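Written below as structure tokens is the structure these notes are about.
The values are calculated or read from the model by the stated rules, or taken from the named source; none is laboratory data. Just so you know, these numbers come straight off a predicted model, no measurement behind them. Cβ atoms come from the backbone with ideal geometry, glycine included; neighbour counts cover every protein chain shown.
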Amino acid sequence: MRKKVCMFVWNHFTNDARVLRECTALSEKGYKVDLICIHDPSDKNMKYVEERNDNFNVYRVRRYPFVFTTLQYCMKNKLAGGVALVLWLFLAYYFPLVFLPLTLLGVLILKTKLKTAILRGSVIMRMILKGRMKKYDIYHSNDLNTLPQGYICAKWRLIKKPLIYDSHEVQTSRTGYDSSIYSKMEQFFIRRMDSMIVENHTRAKYNEVLYGFYPNVVHNYPFIQKKIENNQVDLHEILQLPEDEKILLYQGGIQAGRGLDKLIKAIPKFKEGTLVLIGDGRIKPDLIKMVNEMNLQEKVKFLPKVPLSELPKYTRNAYLGFQVLNNTNYNHYSASSNKLFEYMMAGVPVVACDFPEIKRVVEGEETGICIDSHKPDEIAAAVNKLLDNNALRNRLSENSLKASELFNWEKERELFINVYAKVS
């Protein structure tokens, strides 16, 4: 009988490469996988239910409660807003002791931090309800923000089910997780799950110091990319760049702590080339402003994020790629970085930070140059070294393609499947 897996992830599941690989691997191994994630109401094409293959389905829960979405609709639609106002006046007139306090409470919630807590709580409840609708054999929580859902579904029952905690980040030291509540949450739940997965051995050792056990290590390596002739997006044409212009590429989230401000500060010292940033994120408007203030509009180009399946077509345009994380927390310091291996698959050498997991690959396989990513001068010196020495760049590119035969999901997936074999 096929084992049924319920997996949770706190995103829209549009560009989550790791979760896609894991769900696909399980489904190909005969597990029946239901992935529960969050719907994006701003995306009109996003489906609530998707069938990825015969054994893999995606279910998205509503992001906002029905009452909240109704209020939003009434505020945008004059007719609906008018009807709602008349209805409220009627109810407030005939039932003032009920509806006036409720209205006041609603206004207070919308104007305070309670709004975020209630909205997040409602999403968690919908995920839990969805996770209890079927009889699952194994529950799988991706990151700390879905661990409560997995714990309640797996353990709040007469016959408890196995729970796997898949920690993609270092939850106790990462951007946006400054409160001590996160470490207390993880400490509570980690004693109540059955198996844990982390991204690399640096993080596994960190976990061992914190909690006294060494978790399973499953690296975040991408699928092998088979190069197909003419299967490439022409970035030069899209960005109206000369054909011989060297594209210096960053792909990934435009977020704080990724060294992108230092990268832009280094640009005036590049001997040639155009920096292209593919991705979206919170600090993107700040970087665009920075580029404008430095009059670098001709040397820096921004593109929105692209689907994972399409990204390799863009990556192949690059002369070199950047992975210049800053040491703002242990999560960054210990990262393996998926984009590092995406560059590798495309034969693109990297200028990378000298953090342990990244340095181990880049210098060990000679696929790029490691630098102190906090110093724009060092970033510029490494870029110019590759611009000046085309033979060196080509050698690093060849090494990258060779290394991709070692660092790929086809090899790593068996380690992941073994985690399930142990808890089944």
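General observations
- Per this entry, Pro312 is not counted among residues that are over 26 Å from Val170 (Cα atoms) and touching a strand residue (DSSP E or B) at 6+ places or on another chain (Cβ under 7 Å).
Here's the yes/no breakdown for (1) among the basic types (Lys, Arg); (2) at pLDDT 95 or above:
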{"position": "Ile228", "(1), (2)": "no, no"}
{"position": "His236", "(1), (2)": "no, no"}
{"position": "Asp261", "(1), (2)": "no, yes"}
{"position": "Pro268", "(1), (2)": "no, yes"}
{"position": "Glu272", "(1), (2)": "no, yes"}
{"position": "Arg282", "(1), (2)": "yes, no"}
{"position": "Val291", "(1), (2)": "no, yes"}
{"position": "Leu308", "(1), (2)": "no, no"}
{"position": "Ala318", "(1), (2)": "no, yes"}
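- Candidates are the residues of the stretch 396-419 that are assigned to a helix (DSSP H, G or I) and in contact with a helix residue (DSSP H, G or I) (Cβ under 7 Å, 6 or more places away or on another chain); the one that is nearest to Val350 (Cα to Cα) is Ser400.
- Tally of residues being part of a helix (DSSP H, G or I), surrounded by fewer than 18 Cβ atoms within 10 Å (Cβ to Cβ) and out of contact with any helix residue (DSSP H, G or I) (no Cβ under 7 Å at 6 or more places or on another chain) across the stretch 120-148: 4
- Any hit, the stretch 60-72, residues being under 15 Å from Arg126 (Cα atoms), out of contact with any Asp or Glu (no Cβ under 6 Å at 6 or more places or on another chain), aliphatic (A, V, I, L, M) and at pLDDT 90 or above: yes
- In the stretch 168-185, the residues that are out of contact with any Phe, Trp or Tyr (no Cβ under 7 Å at 6 or more places or on another chain) and among the hydrophobic types (A, V, I, L, M, F, W, C): Ile181, Met185
- Subset of the stretch 12-38 that is assigned to a helix (DSSP H, G or I) and under 16 Å from the mean Cα position of the chain (by Cα) - its residue that is surrounded by the most Cβ atoms within 10 Å (Cβ to Cβ): Glu22
- Residues that are touching a residue at least 40 places away in the same chain (Cβ under 8 Å) and either over 14 Å from Glu169 (Cβ atoms) or part of a helix (DSSP H, G or I) (or both), drawn from the stretch 181-200: Met185, Glu186, Phe189, Arg192, Met193, Asp194, Ser195
Results for (1) touching a Cys at 6+ places or on another chain (Cβ under 6 Å); (2) over 19 Å from Gly253 (Cβ atoms); (3) part of a loop (DSSP other than H, G, I, E, B), shown as yes or no for each residue.
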residue: Tyr343; (1), (2), (3): no, no, no
residue: Val351; (1), (2), (3): no, no, no
residue: Lys359; (1), (2), (3): yes, yes, no
residue: Glu366; (1), (2), (3): no, yes, yes
residue: Ile369; (1), (2), (3): no, yes, no
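- Flag if Val300 is farther than 30 Å from Val218 by Cβ, surrounded by 20 or more Cβ atoms within 10 Å (Cβ to Cβ) and of a type in the set (A, V, I, L, M): yes
- Residue check, Gly257 at pLDDT 90 or above, in the same structural domain as Thr328 (by TED's automatic domain parsing) and touching a His at 6+ places or on another chain (Cβ under 6 Å): yes
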